[in-house]
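Beneath this line is the structure, given in structure tokens, with notes to follow.
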Number of protein chains: 2
Amino acid sequence: MLTQTRLRHDLTSLETDEMTMRSDDALPSVKEILAAESIVVVGASEDQSKFGGRLFRMLLRHRFKGRIYPVSSSRKELFGVPTYPTVAELPEAPALAVILVPRDAALATVQACVEKGAKGVIVVTAQFSDAGPEGAEIERQMVEIARKGRARLWGPNCLGIISPAKRLVLNSSLALDVDHLVQSPVGFVSQSGALMATLFDKARRRGFGFSHMISVGNQADLELCDFVDFLLDDPDTEVICTYVEGLQDPARFRAVAAKACAKGKPWLMLKSGRTEAGAQAAFSHTASLAGSFRAFEAVCEEHGIVLVDDQDAMQMLAACLVRYRNRPFRHLAVMSPSGGSAALACDRLSEAGIPLAQFDAETDRALKTVLGAPSAGNPVDFSASSPGVVGKAMELVARDGAADAALCLITTAPVLDQTCAAIADSAGRDFPTLFVIHPGESADTARAALVDRQVPYFDSFDDAIRVLKGWHAIGRCKPARASQDDERPAGLTHVTWPAGEALGEFETKAVLESYGIPVNRGSVAKDAEQAVRISAGLIFPVVVKVVSSDIVHKSDVGGVILDLPDAAAVGDAVRSMQARVRKVMPDAVIDGYLVQEMVGGGTEFIVGVNFDRDFGPMIVVGVGGVLVELLDDVAVASAPVSPTRAAEMLGSLKAAKLLQGIRGRAPLDVGALSKLVSRVSWLASDHRDRLVELDVNPVLVRSNGGGCVAVDGRALLRDLPAPKLNVNV
Amino acid sequence: MLTQTRLRHDLTSLETDEMTMRSDDALPSVKEILAAESIVVVGASEDQSKFGGRLFRMLLRHRFKGRIYPVSSSRKELFGVPTYPTVAELPEAPALAVILVPRDAALATVQACVEKGAKGVIVVTAQFSDAGPEGAEIERQMVEIARKGRARLWGPNCLGIISPAKRLVLNSSLALDVDHLVQSPVGFVSQSGALMATLFDKARRRGFGFSHMISVGNQADLELCDFVDFLLDDPDTEVICTYVEGLQDPARFRAVAAKACAKGKPWLMLKSGRTEAGAQAAFSHTASLAGSFRAFEAVCEEHGIVLVDDQDAMQMLAACLVRYRNRPFRHLAVMSPSGGSAALACDRLSEAGIPLAQFDAETDRALKTVLGAPSAGNPVDFSASSPGVVGKAMELVARDGAADAALCLITTAPVLDQTCAAIADSAGRDFPTLFVIHPGESADTARAALVDRQVPYFDSFDDAIRVLKGWHAIGRCKPARASQDDERPAGLTHVTWPAGEALGEFETKAVLESYGIPVNRGSVAKDAEQAVRISAGLIFPVVVKVVSSDIVHKSDVGGVILDLPDAAAVGDAVRSMQARVRKVMPDAVIDGYLVQEMVGGGTEFIVGVNFDRDFGPMIVVGVGGVLVELLDDVAVASAPVSPTRAAEMLGSLKAAKLLQGIRGRAPLDVGALSKLVSRVSWLASDHRDRLVELDVNPVLVRSNGGGCVAVDGRALLRDLPAPKLNVNV
């Protein structure tokens, strides 16, 4: 299938209709559509080289309980099921229609199905908005037809559904050519159809399945969040997995995420486009630091959605959560017959930040006795012990209580199946035992023993690490967005920005100051004489900086002179700066010279705002100075944030040690910096219709009690689009 | 098996014998031992629950071509092979003996075998130096017996050998219960026996094998490097894989690594203990930055050994190198029927630093036509195209020339086996096509098609990434250690250190200066009056620092005062410092006050030396200042290094951008810093018998042409052990 990052077509013409329909709530829900008792398949055949032939056979093979109507102009029956020459001739209104006809016939077929009374129309056929503007126009018409007929469109360019829970398969993959669909309470909604059947097949080998797997295709009408919303209410689904390339409706996404959080159903997210090079021209540091994936990541974190970067790991983590009922995982026991495997595993667990449990001394002693080993502890090296002995060791580990889960690393040995069974059985049903099965064929009986017991196993250590990391994150996760984040600080008034697009230090700091953010005092002079006069009202030493909208990085052109001890030096500095800038950048228009008090000491931080096209204003914090770009160490959250949340953001930085006071230095004034971050975030929130980027850089943070001060700033303002029209609520 | 990190026993009593033997070269080599035409198995049985029963059956099952003598006191024959009641009664001197008797009988059995004339004695029995001092003593005696009889001991606590090349299996794993041993020109030497059979089994499923797999056990006599040395000369081996926990003989390791380099045989290294917490008390920053794994990593890099962190990936990389004859890999083509898979893959390839190839515009056009797609390029999304079409696309990619390899991401689709076969066949035998097979069972026919063609496939994307990263590293790798690294700079004399263990700034900088390293001028004063006199001879501003071996971090106790503008200020500074230090650390003995010229400007770097117990003095460089500990960004190499090599080290830092001049700043004086690093490395090399740690921190580096200057320094000196006795050369 083509990547379904599609051209977004214009739905404004539907607005009026939609408002009407929303008010009388006439559109069928996904739940109603999936409760279909009759299905028409247009484009069905027996030909197994075709989508329509395979999909139709899979529907029959998995014994859908309702009535099935294949439409075929050439055949009287297909696999013994009588056909109808046209949709119009069906004996009843089909609840659900599946369309597999060629592209040119698709629009008319949608119309026929809607006219016949279908509530949902799945269009498998591709080459619409995924293929260019011409296809996008046909797609728009399809949606219009569906809307007028009070039906929902699903797709086009989608691969339907695999629903073990409904015994409903509308998917053409040969991976479904199996006798039995394994059902597990895990729902999957995917922007890639190929991944869906692939994951079904991979999970099946491990003895796990899904409730419903849904391919969303181009999302012309029904979109990812509609299906997630359905899964949240679905009694057959406990964990939700999604594969997302881009969001159709970010506001809806947030709403559905909040619902998942409230319902306590874990949501695992696989997202492509993580490394997308931030193609936007970087006016500010902030924008280059806060790519669109970072905003997505921040919003997921705020709603307790766990991001994973691999589909298999996502499925396996879901399987673990289901199997062990969301039991939180914090500390791990490692067990292996191989000291070498255990040693390699411990290196990688340590790198991944997964902590090993420390057993009670009593447990260590008992393990030593049971295993007949010279020493014992975690990892548990059970060497060539018999299954009975290994089972006893597992009992001791489970009883100890320090570990919430055991990771068993299996290498070749005799009676591996019995060893694995003994571990799984001795641990008890609720104590998670995960297995990494390192050998190939010689361990297939062990794999089978685990599948029998519905115990998760991994063939590679990477999968285990990913699952444990994700599980650990769920264990620690509480939705980070608290109601206090939306409490406006007392006395904060909405201040308007001066005119202009790119604003320099002086204007930016004036706005910051009006938001109660400490800045160093100063004023702009036209020439050396005025600079000298201004300096008389300040405390020396002072700094002079050139003011020019043509100069982005002032220090690079000699446009910053520090540490001027007296008025005479200020005059000299302005004159020499003028000469130097004129030489280096003869075309730059100099608007003046900013004379301000020099702030000494403190550690540099950067605080900024970046407007994300999906999620609006994002607040960004990181260590400042020249190393900011080297470290690539920032925390991002959607604005506004409370000082408490700002402190959490600061604490999540790799450089958090700096704040606590590294190597005997005094801790920095985190309280003052957190308050500053919160106020900048309110500024961002107040100006979400115009503030594109804002850099407050550097903010100098002094040691505890010493406060912090914004020393430089710049902002980019433009009229910003209103949030996207929410078509599907 | 137990982790084979064993107590090292004392072999000094053997020194005299060994010297003799080395001089007449009478010890048999691994090659001679493995050429054995007769083997005695002591402890053989038919009991498949025992090591001896399984090992003996595997030896017979794989039809060893020589004569086999089982020794058994209770049975006349075993599996039809006549037995002998004792070793003494064998009809000939067996070339090779395998001992599986209980621990208490092992020593006498070794003696009997050696007396009968065995050249090599493999002791499978465990619980010797791996179990404590008592076992270590028996182990020592075994080696002594072997030496006296001009035999080599292999093990104890080892799992023997699996050698498809020699059709020699002396291993008890049931993974060997197969009809055919797959032979590939890949040798494996392992410090873990369990990993060996496990890897054999895993590789077999993918259609790959080994030449020889060797378990080294406790390495009482024959050690890892003896076997690697054998593989380097072995015509059946093209690539070498090792699993190492700790080295027996680091000097030998270096020698063998140099030989591998010279022979052009790639050596892949899996090492445990990577994250071992640097337990040594950190006198200097350098020591805490340069853990023992970093030294190991540096030495591997210097000799072109490629480190991997996963056994499966190691085997698969070896298989790729063999299959594609060490063809270098630089740029990748990605092919997939799934846009989603391709998108996820591109994210992870980008994170891993694996560059995608950019095809010629002509190739893009041709791909578009062949695939009937609206656009084409890398990644190649071949959607639901037929195998014939996919094969044509592959031909175009191979012919284009921009990519050295293709990574094909397979999701469920019809006729997957034909699609995979078409890709592999169209690429041609020498163009690497690697496959990630995402589905489970439904792709087993595709896996079989690839195994038939000896084309490597991966079941997880992680393995593919690891292999591509390793391959890329081999492609770029040239042994970094050049002869110029050993060329002593002209005019450099060996200077002795003053007495004492922990030396402070003044003494350390005196030694640095004598090595031609620029330091800032200054001298130590006893009191304020002397400080004022010293300052008269320096250029102001100056700095005063307290001198005390009791104070590790001077600035933390007010022991550093900067920027003193005149003599009066110097006097005041010393007096106030004295008062402050006395208050904060009343027990600290103050040796004086260092008065020195203040160095302004420049970017801080740290240069240091850490004595590694395996590899001797290592030179360490990184970005300095408070962020050094946050960044954890250092380069390590064994001393000495040439300025050229030092520049390469600096270029490998994450912070290398700083050196080139970040954001319009002038580039730093890399030449001066490289020269300084080289000179520090010679200092380290000259003092390898005493210099434990050295910090030159910070080194202030100015912009190009401005040089650099060492502003502070400290050193720890102690008598260091001579390099380990090399028992096995």
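What's the total number of residues in segment B:349-401 that are part of a loop (DSSP other than H, G, I, E, B) and either open to solvent by 30 Å² or more (accessible area, probe 1.4 Å) or closer than 22 Å to A:PHE128 by Cα (or both)?
So the answer is 18.
Which one is most open to solvent (accessible area, probe 1.4 Å) among residues in segment A:23-58 that are of a type in the set (A, V, I, L, M) and part of a loop (DSSP other than H, G, I, E, B)? Even if it seems obvious, please write down each step before you answer.
Going through segment A:23-58, the residues of a type in the set (A, V, I, L, M) turn out to be A:26-27, A:30, A:33-36, A:39-42, A:44, A:55, A:58.
Subsequent filtering for residues that are part of a loop (DSSP other than H, G, I, E, B) retains A:26-27, A:35-36, A:44.
Details: A:ALA26: 38, A:LEU27: 43, A:ALA35: 59, A:ALA36: 11, A:ALA44: 10 Å².
Restricting to residues being of a type in the set (A, V, I, L, M) and part of a loop (DSSP other than H, G, I, E, B), the top hit is A:ALA35.
Here is a list: A:VAL621, A:VAL670. Which entry is at pLDDT 85 or above, more than 12 Å from chain B (Cβ to nearest Cβ), within 25 Å of A:LYS509 (Cα to Cα) and more than 25 Å from the chain's Cα centre (by Cα)?
Working: A:VAL621 fails: more than 25 Å from the chain's Cα centre (by Cα).
Criteria check complete, one pass: A:VAL670.
Quickly run through segment A:298-311 and pick out the residues that are within 13 Å of another protein chain (Cβ to nearest Cβ) and open to solvent by 10 Å² or more (accessible area, probe 1.4 Å).
Once the filter is applied, which keeps residues that are within 13 Å of another protein chain (Cβ to nearest Cβ) and open to solvent by 10 Å² or more (accessible area, probe 1.4 Å), segment A:298-311 yields A:LEU307, A:VAL308, A:ASP309, A:GLN311.
Anything in segment A:260-297 that is within 14 Å of chain B (Cβ to nearest Cβ), modelled with pLDDT of 90 or more and in a helix (DSSP H, G or I)? List them, or say none.
A:PHE296, A:GLU297
What number of residues within segment B:158-179 satisfy the criterion of being open to solvent by 20 Å² or more (accessible area, probe 1.4 Å) and in contact with a Phe, Trp or Tyr (Cβ under 9 Å, 6 or more places away or on another chain)?
So the answer is 4.
Looking at segment A:506-521, is at least one residue among the aliphatic types (A, V, I, L, M), over 20 Å from A:GLY707 (Cβ atoms) and either assigned to a helix (DSSP H, G or I) or open to solvent by less than 10 Å² (accessible area, probe 1.4 Å) (or both)?
no
So which residues in segment B:536-564 are open to solvent by less than 20 Å² (accessible area, probe 1.4 Å), touching a residue at least 40 places away in the same chain (Cβ under 8 Å) and hydrophobic (A, V, I, L, M, F, W, C)?
Correct list: B:VAL542, B:VAL543, B:VAL544, B:VAL546.
Where residues in segment B:350-366 are in contact with a His (Cβ under 8 Å, 6 or more places away or on another chain) and of a type in the set (A, V, I, L, M), which of them is farthest from the other protein chains (Cβ to nearest Cβ)?
Ranking the qualifying residues of segment B:350-366, first place goes to B:ALA357.
If I ask for residues that are touching a residue at least 60 places away in the same chain (Cβ under 8 Å), under 16 Å from A:ASP309 (Cβ atoms) and of a type in the set (D, E, K, R), which ones from segment B:324-373 would you list?
B:ARG348 - this is the single residue of segment B:324-373 that is touching a residue at least 60 places away in the same chain (Cβ under 8 Å), under 16 Å from A:ASP309 (Cβ atoms) and of a type in the set (D, E, K, R).
Among the residues of segment A:438-457, how many are open to solvent by less than 30 Å² (accessible area, probe 1.4 Å) and over 27 Å from B:SER172 (Cβ atoms)?
Result for segment A:438-457: 2.
Do you know which residues across segment A:154-204 are of a type outside the set (A, V, I, L, M) and without any contact (Cβ under 8 Å) to a residue 40 or more places away in the chain?
Of everything in segment A:154-204, those that are of a type outside the set (A, V, I, L, M) and without any contact (Cβ under 8 Å) to a residue 40 or more places away in the chain turn out to be A:ASP179, A:HIS180, A:PHE200, A:ASP201, A:ARG204.
Is there a residue being within 34 Å of the chain's Cα centre (by Cα), surrounded by 24 or more Cβ atoms within 10 Å (Cβ to Cβ) and of a type in the set (A, V, I, L, M, F, W, C) anywhere in segment A:70-85?
No, that holds for no residue.
Return the residues of segment A:316-330 that are open to solvent by 10 Å² or more (accessible area, probe 1.4 Å) and either in a helix (DSSP H, G or I) or modelled with pLDDT of 95 or more (or both); say none if nothing qualifies.
Across segment A:316-330, the qualifying residues are A:VAL322, A:ARG323.
Can you tell me how many residues within segment A:413-434 are over 15 Å from A:ARG327 (Cβ atoms) and hydroxyl-bearing (Ser, Thr, Tyr)?
Of the residues in that region, 2 qualify.
Tally up the residues in segment A:101-145 that are in contact with a Cys (Cβ under 9 Å, 6 or more places away or on another chain) and open to solvent by less than 20 Å² (accessible area, probe 1.4 Å), please. Break it down stepwise before answering.
First, pick out the residues of segment A:101-145 that are in contact with a Cys (Cβ under 9 Å, 6 or more places away or on another chain): A:121-124, A:126.
Those still in the list that are open to solvent by less than 20 Å² (accessible area, probe 1.4 Å) too: A:121-124.
Looking only at that region, the number is 4.
Scan segment B:180-210 residue by residue and report those that are under 19 Å from B:LEU59 (Cβ atoms), assigned to a helix (DSSP H, G or I) and open to solvent by less than 10 Å² (accessible area, probe 1.4 Å).
Correct list: B:GLY193, B:MET196, B:ALA197, B:PHE200, B:ASP201.
I need the strands (runs of 3 or more DSSP E) fully contained in segment A:597-701, keeping only those with at least 1 residues that are open to solvent by 20 Å² or more (accessible area, probe 1.4 Å).
Result: A:603-612, A:634-638, A:691-701.
Please enumerate the residues belonging to segment B:227-241 that are buried (at least 24 other Cβ atoms within 10 Å of the Cβ) and touching a Ser or Thr at 6+ places or on another chain (Cβ under 8 Å).
Scanning segment B:227-241 gives B:VAL228, B:LEU231.
Pairs under 6 Å by beta carbon, first residue farther than 15 Å from B:VAL124 by Cα and without any contact (Cβ under 8 Å) to a residue 24 or more places away in the chain in segment B:42-65, partner part of a loop (DSSP other than H, G, I, E, B) and open to solvent by 30 Å² or more (accessible area, probe 1.4 Å), six or more apart or different chains?
B:LEU60/B:PHE79
Of the conditions (1) more than 34 Å from the chain's Cα centre (by Cα); (2) within 14 Å of chain A (Cβ to nearest Cβ); (3) not hydroxyl-bearing (Ser, Thr, Tyr), B:ARG447 satisfies every one except a single condition; which number is it?
(1)
Please work out if A:ASP563 is in contact with a strand residue (DSSP E or B) (Cβ under 9 Å, 6 or more places away or on another chain) and on the phi > 0 side of the Ramachandran plot.
In short, yes.
Listed here are the residues, each with its yes/no results for (1) part of a helix (DSSP H, G or I); (2) aliphatic (A, V, I, L, M).
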| site | (1), (2) |
| --- | --- |
| B:GLN530 | yes, no |
| B:ARG533 | yes, no |
| B:LYS545 | no, no |
| B:ILE561 | no, yes |
| B:ALA568 | yes, yes |
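Take segment B:408-437 and flag every residue that is over 18 Å from B:LEU396 (Cβ atoms), of a type outside the set (A, V, I, L, M), outside any helix (DSSP H, G or I) and open to solvent by 10 Å² or more (accessible area, probe 1.4 Å).
The answer is B:THR412, B:PRO414.
Can you spot a residue in segment B:240-254 that is closer than 21 Å to B:LYS166 by Cβ and more than 14 Å from chain A (Cβ to nearest Cβ)?
The answer is yes, given that some residue of segment B:240-254 is closer than 21 Å to B:LYS166 by Cβ and more than 14 Å from chain A (Cβ to nearest Cβ).
The values are calculated or read from the model by the stated rules, or taken from the named source; none is laboratory data. Given the structure is predicted, the values throughout are model-derived calculations rather than measurements. Here Cβ is always computed from backbone atoms with ideal geometry, including for glycine, and neighbour counts include all displayed protein chains. These area figures cover heavy atoms from the full protein model, side chains too; ligands, DNA and RNA do not enter into them. Shrake-Rupley method; radii C 1.70, N 1.55, O 1.52, S 1.80 Å.
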